[in-house]
1. Restricting attention to segment B:88-99, which residues are more than 11 Å from chain A (Cβ to nearest Cβ) and either in contact with a Cys (Cβ under 9 Å, 6 or more places away or on another chain) or buried (at least 19 other Cβ atoms within 10 Å of the Cβ) (or both)?
2. So how many residues does segment A:149-168 have that are over 13 Å from the mean Cα position of the chain (by Cα), under 16 Å from B:Phe104 (Cα atoms) and more than 7 Å from every other protein chain (Cβ to nearest Cβ)?
3. Would you be able to tell me the number of residues in segment A:169-187 that are closer than 19 Å to A:Phe100 by Cα and more than 7 Å from chain B (Cβ to nearest Cβ)?
4. If A:Thr52 satisfies all but one of (1) part of a helix (DSSP H, G or I); (2) within 16 Å of DNA strand D (Cβ to nearest atom); (3) modelled with pLDDT under 95; (4) surrounded by 17 or more Cβ atoms within 10 Å (Cβ to Cβ), what's the number of the condition it fails?
5. Condition first: away from DNA strand C (no atom under 11 Å from the Cβ), closer than 23 Å to B:Met166 by Cα and among the small types (Gly, Ala, Ser). Now tell me which residues in segment B:16-63 satisfy that.
6. Inside segment A:143-195, can you point out the residues that are touching a residue at least 60 places away in the same chain (Cβ under 8 Å) and hydroxyl-bearing (Ser, Thr, Tyr)?
7. Could you pull out the residue among B:Glu102, B:Glu69, B:Glu108, B:Glu56 that is charged (D, E, K, R), under 26 Å from A:Pro99 (Cβ atoms) and away from chain A (no Cβ under 13 Å)?
8. How about segment B:12-49: which of its residues are within 14 Å of chain A (Cβ to nearest Cβ) and either within 15 Å of DNA strand D (Cβ to nearest atom) or among the aliphatic types (A, V, I, L, M) (or both)?
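The values are calculated or read from the model by the stated rules, or taken from the named source; none is laboratory data. Keep in mind the model is a prediction, meaning the values are calculated, not measured. Cβ placement follows ideal geometry from the backbone for every residue including glycine, while neighbour counts extend to all protein chains displayed.
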There are 2 protein chains.
Amino acid sequence: MSVIECKTEAQIKQYAKELFFVKGNFNASTQEIADYAGVNRTLVNYYFRSKTNLFEIVYCETISEMRSEFAAIYIAKMDFRAKIERIIDYLFEFRQTYPFLEVFNIQETPKLSNQMDSILNPKYVQELTVFVKEIEEEMEKGGIPKYDPMNFLVNVFSLVSYPIIMRPVFEKVLGLTTADYSALLEKRKKEIIAILFNNRF
Amino acid sequence: MSVIECKTEAQIKQYAKELFFVKGNFNASTQEIADYAGVNRTLVNYYFRSKTNLFEIVYCETISEMRSEFAAIYIAKMDFRAKIERIIDYLFEFRQTYPFLEVFNIQETPKLSNQMDSILNPKYVQELTVFVKEIEEEMEKGGIPKYDPMNFLVNVFSLVSYPIIMRPVFEKVLGLTTADYSALLEKRKKEIIAILFNNRF
DNA sequence: ACTTTTGTTGACATTTTTGTCAAACAATTT
DNA sequence: AAATTGTTTGACAAAAATGTCAACAAAAGT
């Protein structure tokens, strides 16, 4: 952060973030946000003008955090398989920290404001392009099965993210306890690797 | 439907469904719903008492539709691989019809009312149990790699659903046109099968 | 010590949304 | 054609949420 923030401002952001992306309460009123953060409601307006604005700021910061981490991994010089493992580990952790961020992504991405839009395709794309090339090379080498490298990427994200964000639904439908489901998720890490690498060890 | 519905009632439900699960406008006001359905706002209250109630009804009906289709597939007597293909086909179609249903699922499943809760675990669970057994048998036979059969199920749903519901995000991040992404999805059907069956043809 | 800036509060006005009601209207039944 | 039933409407009242403002308090600067 280049701009100095007062304690209250950071507090509001932190609790808003939690309310939105951890608890999934997107319809939280200004009052709810303020209560949750333990401050007077007017302060939300004082620091962030409007609720929408607060939302955008918190959203952009959270996304940026993730993006820069991924960008770093994408261009890191390391063994392909280790890289995939690192992506999976980080994604697991990040999704479990903010399970509702995706929900917001889905609903809002199509109607993003210009500023927010830019957060989705910064230079980041460059790092991604580099990584897609790497996937193609790995396919040539025979380390992974040959198919559209974009779809390889989509598979990684799908296999990790979906079971986490859909956790409440899966638990209900499959009739699993929280502990059961945690165990299921834990097992997945290795199983996902196996699937992606065509069960070659 | 056992209860006879008047034209207007059905109309409101249909357009509300579209507004919610196709367009993703969950915060739609009674006025918006009425406008979209082309009826007077008061009629929404007349037929459905409250907005929440309308929501629950539409949600339950949509879920039921999907559930009965899946139940049928689960217990159908057919070749295992053909069954998986049928599941994938139906899921592709259903998710693309109501891409925002999942979003609602995620947000609301934890705080469902009792009536809504029951929709999530009817006898349906029985059919599911049968199918899980079938997955285990197929693993024994060597048709698919051996791992937690629940996770096999989770993989199927993840690989199909996630790329569809996250479409707006993926298009932006990967820099693809609508046409490009449609092509990507189309290719996925076969690639998913290949992945699940360990690339054995 | 005093002035300026920054942070905080309660009260207010506005807007949005919701649900109800009685009256008007249409369709059926008697 | 009178009565009953079901449908539709506009007007109303109540509630919830948002953003602004002037007053007050605290901190920083002179």
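1. Those that are more than 11 Å from chain A (Cβ to nearest Cβ) and either in contact with a Cys (Cβ under 9 Å, 6 or more places away or on another chain) or buried (at least 19 other Cβ atoms within 10 Å of the Cβ) (or both): B:Ile88, B:Leu91, B:Phe92, B:Phe94, B:Arg95, B:Tyr98.
2. Residues in segment A:149-168 being over 13 Å from the mean Cα position of the chain (by Cα), under 16 Å from B:Phe104 (Cα atoms) and more than 7 Å from every other protein chain (Cβ to nearest Cβ): 1 in total.
3. 5
4. (4)
5. B:Ala16, B:Gly24
6. Residue satisfying the conditions is A:Ser161 alone.
7. Criteria check complete, one pass: B:Glu56.
8. Across segment B:12-49, the qualifying residues are B:Leu19, B:Val22, B:Phe26, B:Asn27, B:Ala28, B:Ser29.
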